[in-house]
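Taking it in order: structure first as structure tokens, then the write-up.
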Amino acid sequence: GCDSIEHGYFMGAENIERLADREITWVPTAFAIKALSLVLPAGSREAQIAEKTLHHQLELIALARRMGVNVCVGTDSGSLGVNHGQAYIEELDLLMQAGFSIEEVIRCAGVEGARLLGLNNEMGIIAPGVPANFLIAPGPPAGLPWSLRNLKDVYFRGQKVA
């Protein structure tokens with residue numbers, strides 16, 4: 001009865017399968033737990049638990065990919081250690097660490113996010129009749145997601161954003 005699950009830590013394979021079967025989108029926000037592991041005292045029990053939780057979350061994300069779950073990018077920006085902008089890049093990188101290709105990550109960030117928000121007729125794709133929303137990053141696609149730190153241009157609704 002829901003459209004999406006945010007976080008989903010500890011939900012296990014059975015619930016991942018339910019997401020796939022019911023076409024429920026998952027926004028795993030893995031960087032939120034990674035950031036926590038980085039701001040906690042190194043070697044502390046809490047930091048170790050956060051690191052173990054991150055490893056488990058990446059395993060679940062990989063399973064979700066294999067099962068065909070719709071995955072979107074979310075960051076929990078503003079949480080402890082989760083800085084706006086940088087957290088988004090980190091989240092893209094974690095999806096790649098879980099086995100997503102750069103093309104799949106771009107789909108998670110664009111198409112799937114727009115679809116979840118009901119904006120799929122105006123965002124998420126580049127196609128005739130759809131307002132042009134895109135970023136221009138330096139270098140080849142292999143440089144993503146880190147090349148997003150040095151954007152050359154941003155276009156929103158066909159207009160260059162200053």
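The values are calculated or read from the model by the stated rules, or taken from the named source; none is laboratory data. The model shown is predicted, which means the values in this text are computed figures rather than measured ones. Reconstructed Cβ throughout: ideal geometry from the backbone, glycine too, with neighbour counts over all protein chains shown. Accessible surface areas use protein heavy atoms only, side chains included; no ligands, DNA or RNA. Shrake-Rupley method; radii C 1.70, N 1.55, O 1.52, S 1.80 Å.
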Among the numbered criteria (1) within 16 Å of the chain's Cα centre (by Cα); (2) open to solvent by less than 80 Å² (accessible area, probe 1.4 Å), which single criterion is violated by His84? (2)
Regarding Val69, is this residue open to solvent by less than 40 Å² (accessible area, probe 1.4 Å), under 15 Å from His7 (Cα atoms) and at pLDDT 95 or above? yes
In region 21-42, what count of residues is obtained for those that are assigned to a helix (DSSP H, G or I) and open to solvent by less than 30 Å² (accessible area, probe 1.4 Å)? 6
Look at Leu94 and say whether it is more than 13 Å from the chain's Cα centre (by Cα) and part of a helix (DSSP H, G or I). no
Of everything in region 127-152, what is surrounded by 11 or more Cβ atoms within 10 Å (Cβ to Cβ) and more than 24 Å from Leu94 (Cβ to Cβ)? Give them in sequence order. Val130, Pro131, Ala132
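Results for (1) open to solvent by 60 Å² or more (accessible area, probe 1.4 Å); (2) outside any helix (DSSP H, G or I), shown as yes or no for each residue.
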| site | (1), (2) |
| --- | --- |
| Leu80 | yes, yes |
| Glu90 | no, no |
| Gly99 | no, yes |
| Gly118 | no, yes |
